[in-house]
Amino acid sequence: NKFLSMYRRERTGVLAVLARLCGWCILMVGCLAGTTAAAADLVFNGGTAGNCSLSSKTYTCNGFPLTNDTDTMTIANGYTVIVNSSGVNFDYNQSLAMSGSATLNVSGNLNIGNIKPSNLAITGGNLISGGTFTIGAQAQSITANISAVTMNLGSGSTLSITGNISASGNVTVGSHATIIGALAGAAITTNSPVVIKGNVSATSSFTLASGSSVTGNIVAPTVSLLASQSTVNGNITARTSLRLGDKVNVTGDVSTGSLLLDSSNAIIDGNATVDQATLNWAGRVTKMIYCTGGTTSGQCDCVTNNSGFPVNTDQGPHCAVAPAATPIDH
């Protein structure tokens with residue numbers, strides 16, 4: 001009986017300890033559940049928004065103000081949000097909404113490419129990055145002017161940008177991207193296919209991929225329009241060289257140092273002012289080729305004609321001396 005009584009007392013004590021431990025565990029779980037951070041809806045429209053300071057209509061944030069993966073950011077018309085950060089990367093479930101002249105200005109990289117399409121509502125405004133701007137890891141559509149040092153526009157999914165795009169460095173445009181607005185950068189490279197409805201200006205080079213189109217004028221030292229089925233409706237100025245790939249068509253006038261029309265059926269439906277030109281099989285300049293270095297009357301001294309169409313025939317090249325530049329009237 002003595003041993004039985006001791007056993008019962010020890011058993012009761014152990015059970016009491018276990019009960020207290022279980023109660024403590026339940027309490028901790030409840031506390032942890034209660035401290036789970038709720039999603040923040042930051043609205044930049046003149047009121048308080050996170051830890052960002054406000055002066056006039058400009059907010060300044062020391063770091064990315066969205067800390068949870070479901071946070072939202074809304075920038076109202078007329079307001080600017082400056083984020084001092086080396087890199088801002090929006091998560092898939094975070095949201096960004098902008099309208100009118102709203103501006104998001106990040107001192108470093110800005111990546112909105114991971115935001116799911118239904119959470120991205122940019123109907124107007126400006127996106128500015130002091131580093132690399134990235135968009136379009138999935139199907140996304142925005143209306144905004146964009147400026148950055150370098151840009152990655154799309155990665156294969158459908159992307160639509162309505163607005164002017166400007167970079168001091170290189171720009172890569174992914175396949176299935178549509179840009180409605182002017183595009184400027186250093187070296188601009190596209191993937192197949194893309195649509196650009198606006199003027200293109202590159203300080204280094206411009207390369208248009210197969211099956212793509214540009215509706216607008218192109219200015220770059222070196223321009224390459226790759227085979228096949230690419231089209232340009234506009235004038236081209238390429239100080240160093242211009243190359244048209246197989247079955248590429250340009251509707252407009254061109255001016256370049258060296259013109260190359262690849263085999264076959266590369267066509268410029270307009271005039272061409274060149275230092276020298278090579279027309280390969282079925283390559284054509286439908287109007288006049290102006291030789292900057294001069295040419296013998298009735299000849300095309302600046303043209304290597306491998307087109308299969310003799311000089312001065314209906315489809316063959318016709319040449320003339322390039323007119324002198326008009327002096328600037330000071």
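The values are calculated or read from the model by the stated rules, or taken from the named source; none is laboratory data. Note that the structure is a prediction, hence the values are computed from the model and not measured. We place every Cβ from the backbone using ideal geometry, glycine too, and count neighbours over all the protein chains shown. Areas reflect the complete protein model, heavy atoms only, side chains present, ligands, DNA and RNA absent. Shrake-Rupley method; radii C 1.70, N 1.55, O 1.52, S 1.80 Å.
Out of all the residues in the range 36-54, which are in contact with a strand residue (DSSP E or B) (Cβ under 6 Å, 6 or more places away or on another chain) and not in a loop (DSSP other than H, G, I, E, B)? Lay out the reasoning, then the answer.
Taking the range 36-54 first, the residues in contact with a strand residue (DSSP E or B) (Cβ under 6 Å, 6 or more places away or on another chain) are 41-44, 49-50, 52-53.
Within the range 36-54, D41, L42, V43, F44, A49, C52, S53 meet the criteria.
Might you check whether a residue that is in contact with a strand residue (DSSP E or B) (Cβ under 7 Å, 6 or more places away or on another chain), among the polar types (S, T, N, Q), open to solvent by 50 Å² or more (accessible area, probe 1.4 Å) and within 18 Å of I196 (Cα to Cα) occurs anywhere in the range 95-112?
Checked against the condition, which is being in contact with a strand residue (DSSP E or B) (Cβ under 7 Å, 6 or more places away or on another chain), among the polar types (S, T, N, Q), open to solvent by 50 Å² or more (accessible area, probe 1.4 Å) and within 18 Å of I196 (Cα to Cα), the range 95-112 yields no hits at all.
Give me the pairs: first residue in the range 268-293 and on the phi > 0 side of the Ramachandran plot, second residue among the aromatic types (F, W, Y) and in a strand (DSSP E or B), beta-carbon distance under 6 Å, and six or more apart or on different chains, which are they?
Sorted first by the residue in the range 268-293, then by its partner, the list stays empty.
Quick one: is A139 closer than 26 Å to N105 by Cα and buried (at least 24 other Cβ atoms within 10 Å of the Cβ)? Even if it seems obvious, please write down each step before you answer.
Numbers: closer than 26 Å to N105 by Cα: yes; buried (at least 24 other Cβ atoms within 10 Å of the Cβ): no.
No: the conditions fail for A139.
Being more than 30 Å from the chain's Cα centre (by Cα), surrounded by 19 or more Cβ atoms within 10 Å (Cβ to Cβ) and of a type in the set (G, A, S) is the requirement here; does A266 meet it? Please lay out each step first, then the result.
Working: more than 30 Å from the chain's Cα centre (by Cα): no; surrounded by 19 or more Cβ atoms within 10 Å (Cβ to Cβ): yes; of a type in the set (G, A, S): yes.
Judged against the criteria, A266 is not a match.
Out of curiosity, is A144 over 24 Å from A220 (Cα atoms), open to solvent by 30 Å² or more (accessible area, probe 1.4 Å) and either of a type outside the set (S, T, N, Q) or in contact with an Asp or Glu (Cβ under 9 Å, 6 or more places away or on another chain) (or both)? Working first, answer last.
Details: over 24 Å from A220 (Cα atoms): yes; open to solvent by 30 Å² or more (accessible area, probe 1.4 Å): no; either of a type outside the set (S, T, N, Q) or in contact with an Asp or Glu (Cβ under 9 Å, 6 or more places away or on another chain) (or both): yes.
Judged against the criteria, A144 is not a match.
L159 - would you say it is out of contact with any Gly (no Cβ under 7 Å at 6 or more places or on another chain) and buried (at least 17 other Cβ atoms within 10 Å of the Cβ)?
Working: out of contact with any Gly (no Cβ under 7 Å at 6 or more places or on another chain): no; buried (at least 17 other Cβ atoms within 10 Å of the Cβ): yes.
No, not satisfied.
Go through the residues of the range 310-329 one by one and say whether even a single one is closer than 24 Å to T222 by Cβ, open to solvent by 70 Å² or more (accessible area, probe 1.4 Å) and at pLDDT below 95.
First, pick out the residues of the range 310-329 that are closer than 24 Å to T222 by Cβ: 317, 319, 322, 325.
Now narrow it down to the ones that are open to solvent by 70 Å² or more (accessible area, probe 1.4 Å): 325.
Narrowing the set further to residues that are at pLDDT below 95 leaves 325.
Within the range 310-329, one or more residues are closer than 24 Å to T222 by Cβ, open to solvent by 70 Å² or more (accessible area, probe 1.4 Å) and at pLDDT below 95.
Answer with yes or no whether V250 is β-branched (V, I, T) and within 17 Å of the chain's Cα centre (by Cα).
Numbers: β-branched (V, I, T): yes; within 17 Å of the chain's Cα centre (by Cα): no.
Judged against the criteria, V250 is not a match.
Looking only at strands (runs of 3 or more DSSP E) that lie completely in the range 215-330, which have at least 2 residues being polar (S, T, N, Q) and either more than 21 Å from G198 (Cα to Cα) or in contact with a His (Cβ under 8 Å, 6 or more places away or on another chain) (or both)?
On the way: elements: 222-225, 231-233, 236-244, 249-251, 254-261, 267-269, 272-279, 288-291, 303-305, 318-321.
Output list reads 236-244, 272-279, 303-305.
Report whether or not S205 is touching a Phe, Trp or Tyr at 6+ places or on another chain (Cβ under 9 Å), part of a strand (DSSP E or B) and either buried (at least 19 other Cβ atoms within 10 Å of the Cβ) or free of Cβ contacts under 8 Å to residues at least 40 places away in the same chain (or both).
Working: touching a Phe, Trp or Tyr at 6+ places or on another chain (Cβ under 9 Å): no; part of a strand (DSSP E or B): yes; either buried (at least 19 other Cβ atoms within 10 Å of the Cβ) or free of Cβ contacts under 8 Å to residues at least 40 places away in the same chain (or both): yes.
So S205 fails the test.
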